[in-house]
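Structure first, then comments.
The values are calculated or read from the model by the stated rules, or taken from the named source; none is laboratory data. Not measured: the values here are computed from a predicted model. Don't worry about glycine lacking a Cβ; one is built from the backbone with ideal geometry, like all the others, and counts go over all protein chains shown.
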Amino acid sequence: MTIPQDVEGNRGMIDVQMMVKDSKKIAEETNTTITEIEGTILMASINNQMVNTINITQISKDLQYVVQSDMDE
């Protein structure tokens, strides 16, 4: 049995539409993943800033203690 050419053309269009739909789905999933990665990087940056601030504050306190100890002696 031979399939008419217009039916075969429709199958081709359906295949293209399915590929476009699949591509859009992959793009959406990729966008979601990128957004999650950006959030993770931002959180790591905020945490790093907090750790740096704590370290600097502790160093400052330690220096004040050393200076005060030297002055007392």
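The C-beta contact set for segment 23-44 (first residue free of Cβ contacts under 8 Å to residues at least 60 places away in the same chain and surrounded by 10 or more Cβ atoms within 10 Å (Cβ to Cβ), second residue part of a helix (DSSP H, G or I) and of a type outside the set (V, I, T), distance under 9 angstrom, 6+ apart or interchain) is empty.
Does I54 fit the bill of being of a type in the set (V, I, T) and modelled with pLDDT of 95 or more? Steps first, answer last, please.
Working: of a type in the set (V, I, T): yes; modelled with pLDDT of 95 or more: no.
Criteria not met by I54.
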